[in-house]
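Colleague: Quick one: this structure, given as structure tokens, is what I'll be asking you about.
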């Protein structure tokens, strides 16, 4: 069945926690699942902050191939809710300022882990993904099908985040975690939600207008 790419894309922005399946070193070859917080990077790929002492991190050093499962079932109906399984490889990335700031907007409590010095960022290079949106709505997508548009430049996203934070009409309970060409990741009283655009925004002007619309809708 043909799956619309926006469905798994939005799902990767709606959920704060996923399941990482690495290849176990001992006993060798067995799948080793771990539940971890993650943040979507600018290309909607899972970005992790993990300890060098963790078993899953050691597994990734030995074999970077992995699976990553994200499921959204706020009502507890796991089989009826949407989920996506990503297949690919993880690679360690440098803790550049834009990377750190983005992750901490999604998971502010992670700042204490960064202070320990043992934690590092890893991002998944996705090869394929399988999306299940409910009974009869399922299928495979290649990584390039997920998003054909160029990601936002870090400086462009930073400008939009600053505009959001400085907005005079923004409710104090409304926080911005991330913005991309397809929607805005918000926190309302600390709870994650996704404001989806009616169509992809291809330039800074339309993104700015969409962000204004997002703020206005949450004032009402």
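Colleague: Using a Förster radius of 45 Å, what is the FRET efficiency between residue 111 and residue 137 based on their Cβ-Cβ separation? Nearest 0.05, please.
Modeller: After rounding to 0.05, the efficiency reads 0.70.
Colleague: Which value at 222 nm does the chain reach when only helices count, each DSSP H run of 4 or more adding -39,500 (n - 2.57), with the total divided by all residues and rounded to the nearest 500 deg cm²/dmol?
Modeller: Calculated from helices alone, the mean residue ellipticity at 222 nm is -8500 deg cm²/dmol.
Colleague: Still on this structure: Relative to the present Cα-Cα distance, how much length would full extension add between residue 193 and residue 19 at 0.36 nm per residue of separation?
Modeller: 60.7 nm
Colleague: Below 8 Å, C-alpha to C-alpha, sequence gap of six or more: please give me the relative contact order for segment 154-219 in percent.
Modeller: Rounded, it is 28 percent for segment 154-219.
Colleague: Taking only C-alpha pairs under 8 Å that are 6+ residues apart, what is the relative contact order of the chain in percent?
Modeller: 19
Colleague: If one takes the longest principal axis of the Cα atoms in the chain, at what angle in degrees, from 0 to 90 and to the nearest 10, does the Cα axis of helix 97-106 lie?
Modeller: Long axis of 97-106 versus the principal axis of the chain: about 80 degrees.
Colleague: Still on this structure: Could you put 174, 53, 69, 207 in order, starting from the residue whose Cβ has the fewest other Cβ atoms within 10 Å?
Modeller: 53, 69, 174, 207
Colleague: Order these by the 10 Å Cβ neighbour count, fewest first: 55, 157, 111, 175.
Modeller: Going from least to most buried by this count: 111, 55, 175, 157.
Colleague: To continue, here is another question. Under the definition of Cα pairs under 8 Å and six or more residues apart, what whole-number percent is the relative contact order of segment 1-122?
Modeller: Relative CO of segment 1-122 lands at 26 percent.
Colleague: Could you work out how far the C-alpha centroid of segment 110-159 sits from that of segment 1-62, in angstrom?
Modeller: What the calculation gives is 9 Å, centre to centre.
Colleague: Can you give the extra length, in nm with one decimal, that the chain gains between residue 150 and residue 54 once fully stretched, where that is 0.36 nm per residue apart less the Cα-Cα distance?
Modeller: 31.2 nm
Values quoted throughout were computed directly from the atomic coordinates according to the rules given, and no laboratory measurement underlies them. What you are looking at is a predicted structure, and each value in this text was computed from that prediction instead of being measured. Methodologically, a virtual Cβ is constructed for each residue, glycine included, from the backbone with ideal geometry; neighbour enumeration extends over all protein chains shown.
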